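The values are calculated or read from the model by the stated rules, or taken from the named source; none is laboratory data. As the structure is a computational prediction, the values presented were derived from the model and not from experiment. Every residue, glycine as well, gets a Cβ built from its backbone with ideal geometry; the counts of neighbours run over all protein chains shown.
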């Protein structure tokens, strides 16, 4: 009986001694759990906020249709990153999808959007496969894309393009095949092959931040000139920039500006002619007398435009536009 009483007394004593300790431990555990819970919650919130910031940054930087950088975002990256990393050289590629306007005009803008999405997807896949994540792609505007590849020369980049046909001097191309999800009137899906005119140029080393902007713009302009040269000489291929391409581009653009001036002048002169010599039935009244008056007007106009006798293309352009206005 005494042993039982002693055991009970010891148990009661232990309970009285350790109960506060047990309570204290529980409070400590609760506190630790609370701290851990709060820390975990803070981590989750921080993760969520970071994810949201990244999403917002992605929305701000990326083109929604193609998933490539917006032009401004690509420029900002180039101005900051390239000025710091100092690669041996950086190649810039300028892509322009050939005859893109025909797709929009003939099949509608939804198919045009599909073309841009398929082209940009293939372009992203090609750059990732050949250059990893160092290559950055931006949609420059419309159907134009610019790719920036640090640490690569134009010749090494050119070697990564598919070859059109070895019998054709190894012409380098970038073609994309896709089938539109839009069903045309015939009930069949339309298949397309997209080609691109491509220009390449590069700058060596890394200019300081203050000079990076003008250097980047200069090299993009050179790549654009090379692309334009290819566009005017067969399309569907790539060319590395030379000074002659800038000269050629300048000549072509000057000619285009001149043609615009001639067309506008022909329209104005034709309207003035109709005010002086009304034609009630348009071209049906182009008799001998009217024809003489037209030739006289055209001759005087071309003299004022300073179009020489030898420039038959300009003279014919003016006459065609003049006559079209009269016949309208």
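Do the conditions hold for residue 206, that is, is it closer than 19 Å to residue 75 by Cα, modelled with pLDDT of 95 or more and either touching a helix residue (DSSP H, G or I) at 6+ places or on another chain (Cβ under 7 Å) or part of a helix (DSSP H, G or I) (or both)? Taking the combined requirement at face value, the residue does not satisfy it. Of all the listed residues (191, 197, 156), the sole one being under 22 Å from residue 225 (Cα atoms), modelled with pLDDT of 90 or more and part of a strand (DSSP E or B) is 197. Scan the stretch 67-83 and tell me whether some residue there is more than 26 Å from residue 203 (Cα to Cα), modelled with pLDDT of 90 or more and surrounded by 10 or more Cβ atoms within 10 Å (Cβ to Cβ). Yes: the stretch 67-83 contains one or more residues that are more than 26 Å from residue 203 (Cα to Cα), modelled with pLDDT of 90 or more and surrounded by 10 or more Cβ atoms within 10 Å (Cβ to Cβ).
Only residues that are modelled with pLDDT under 75 and either on the phi < 0 side of the Ramachandran plot or in a helix (DSSP H, G or I) (or both) were counted in the stretch 304-326, giving 7. Answer yes or no: is there a residue in the stretch 219-229 that is at pLDDT below 95 and surrounded by fewer than 15 Cβ atoms within 10 Å (Cβ to Cβ). Checked the stretch 219-229: no residue is at pLDDT below 95 and surrounded by fewer than 15 Cβ atoms within 10 Å (Cβ to Cβ). Among the residues of the stretch 246-275, just one is buried (at least 18 other Cβ atoms within 10 Å of the Cβ) and under 22 Å from the mean Cα position of the chain (by Cα), namely 249.
Yes/no per residue for (1) crowded, with 21+ Cβ neighbours inside 10 Å; (2) closer than 14 Å to residue 196 by Cβ; (3) touching a helix residue (DSSP H, G or I) at 6+ places or on another chain (Cβ under 6 Å); (4) free of Cβ contacts under 8 Å to residues at least 12 places away in the same chain:
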residue: 108; (1), (2), (3), (4): no, no, no, no
residue: 117; (1), (2), (3), (4): no, no, no, no
residue: 123; (1), (2), (3), (4): yes, yes, no, no
residue: 128; (1), (2), (3), (4): no, no, no, yes
residue: 134; (1), (2), (3), (4): no, no, no, no
residue: 138; (1), (2), (3), (4): yes, no, yes, no
residue: 142; (1), (2), (3), (4): no, yes, no, no
residue: 163; (1), (2), (3), (4): no, no, no, yes
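Has the stretch 180-188 got at least one residue that is at pLDDT 90 or above, over 21 Å from residue 128 (Cβ atoms) and exposed (fewer than 13 other Cβ atoms within 10 Å of the Cβ)? Within the stretch 180-188, not a single residue is at pLDDT 90 or above, over 21 Å from residue 128 (Cβ atoms) and exposed (fewer than 13 other Cβ atoms within 10 Å of the Cβ).
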